[in-house]
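Some notes on the structure that comes next.
The values are calculated or read from the model by the stated rules, or taken from the named source; none is laboratory data. Since we're looking at a predicted model, the values are computed, not measured. When we count neighbours, we look across all protein chains shown, and the Cβ atoms used for this are built from the backbone with ideal geometry, even at glycine.
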Amino acid sequence: MTEPDTTVSESAVPAENNNNKLRRKAANGRDMPVYRADIPFLSALGLIAGVYLFLIGGMLLALVFYVDLPLVGEVFTSERYRYAVLLSLISCSITTVLSVWVAVPTAYLMSRVEFPGKRFLDAVLDIPIVMPPLVIGLALLMLFQTGLGQFIQSHVRFTYAVPGVILAQFMVACAFATRTMMAAFAEINPRQEQVALTLGCTRAQAFWHVVLPEAQRGMVPAATIAWARAMGEFGPVLVFAGTTALRTEVMPSSIFLELQVGNLGMAAGISIVMVVLALIVLVLMRLAGGGRQTFI
């Protein structure tokens, strides 16, 4: 009986080795190997993404070429605009800290604990995301007209005051931070926490010493998206806190007021400052997160 021919052509060996290398590379990361047959499909996807990226770049370039540099400088020389910039930065920073502080325990409970009504509460957490911004502001305004709201107002003034700006921003930003942290906890293997519990740790100790260090890689994206949402929040702030100059006026409010009087140049100048500040915070957050880009 003749033995089967087990020789392999030399041209096939390099191709097989290359394919194996691509598969191993894909297994080590999230990138998939690209073959020649994939190019038309990936090109179509790239074209769709390119249209969106073109619109983003077009918007930024339109702002840059429309505004005059002296108008951008006026944002920092005018007392009114300086106050709006400072209030925006302070309120967004406070909102970010509060959002992450609330999002971490909330996301942990929703990700690790089963309890009655969990699905209902999961839907409730999305209400600030899907609710129209003006409705959020109106609901806050009506809430503080109730007896409980009046009692709180007798100690801390919220409506048409700086704490109202922070609360209006927090109501929206916290929902996004919570969703981001839930995604972070979902990627953490619960096996590590279970091992800690079997070794004698309490649930609290396992959370602080095992889960929370692993969740830190999700806190940076959660803080980033919370800060970004707070910076751009306008509707709730407008209705609940107002747009009083040198009191509750933030940068989005300044843009709105300038558009109301037809001053497009000044509105564009303030917008440029907002974009630059947002980019600076985004870069700093990415550096603080070690360059990871998960969840956002």
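Against the list (1) surrounded by 14 or more Cβ atoms within 10 Å (Cβ to Cβ); (2) farther than 19 Å from ARG179 by Cα, the condition PRO133 fails is (2).
Which residue, of ALA139, ALA168, ALA161, is of a type in the set (A, V, I, L, M), crowded, with 21+ Cβ neighbours inside 10 Å and assigned by TED's automatic domain parsing to the domain that holds VAL239? Before you say what the answer is, go through the steps one by one.
Working: ALA139 fails: crowded, with 21+ Cβ neighbours inside 10 Å; ALA161 fails: crowded, with 21+ Cβ neighbours inside 10 Å.
On inspection, the qualifying residue turns out to be ALA168.
Contact annotation: residue pairs with Cβ atoms under 8 Å, 6 or more positions apart or on different chains, pairing a residue in the stretch 260-284 that is within 18 Å of VAL64 (Cβ to Cβ) with a partner that is outside any helix (DSSP H, G or I), are GLY265/VAL67; GLY265/ASP68; ALA268/VAL67; GLY269/VAL67; GLY269/ASP68; SER271/VAL67; ILE272/VAL67.
Within the stretch 237-271, work out how many residues are buried (at least 19 other Cβ atoms within 10 Å of the Cβ) and more than 18 Å from the chain's Cα centre (by Cα). So that I can check it myself, show each step before the final result.
Residues of the stretch 237-271 buried (at least 19 other Cβ atoms within 10 Å of the Cβ): 237-241, 243, 248-255, 258, 266-271.
If we keep only those that are more than 18 Å from the chain's Cα centre (by Cα) as well, we get 237-241, 243, 248-251, 253-255, 258, 266-271.
Number satisfying all stated conditions: 20.
The stretch 6-93 holds helices (runs of 4 or more DSSP H) entirely within its bounds, and those carrying 2 or more residues that are farther than 17 Å from ILE270 by Cα and at pLDDT below 85 map to 12-28.
The stretch 149-235 holds helices (runs of 4 or more DSSP H) entirely within its bounds, and those carrying 3 or more residues that are among the β-branched types (Val, Ile, Thr) map to 162-186, 212-232.
Would you mind stating whether ILE225 is touching an Asp or Glu at 6+ places or on another chain (Cβ under 7 Å), in contact (Cβ under 8 Å) with a residue 24 or more places away in the chain and either surrounded by 21 or more Cβ atoms within 10 Å (Cβ to Cβ) or aliphatic (A, V, I, L, M) (or both)? No: the conditions fail for ILE225. Restricting attention to the stretch 140-170, the residues being in contact with a Phe, Trp or Tyr (Cβ under 9 Å, 6 or more places away or on another chain) and not β-branched (Val, Ile, Thr) number 11.
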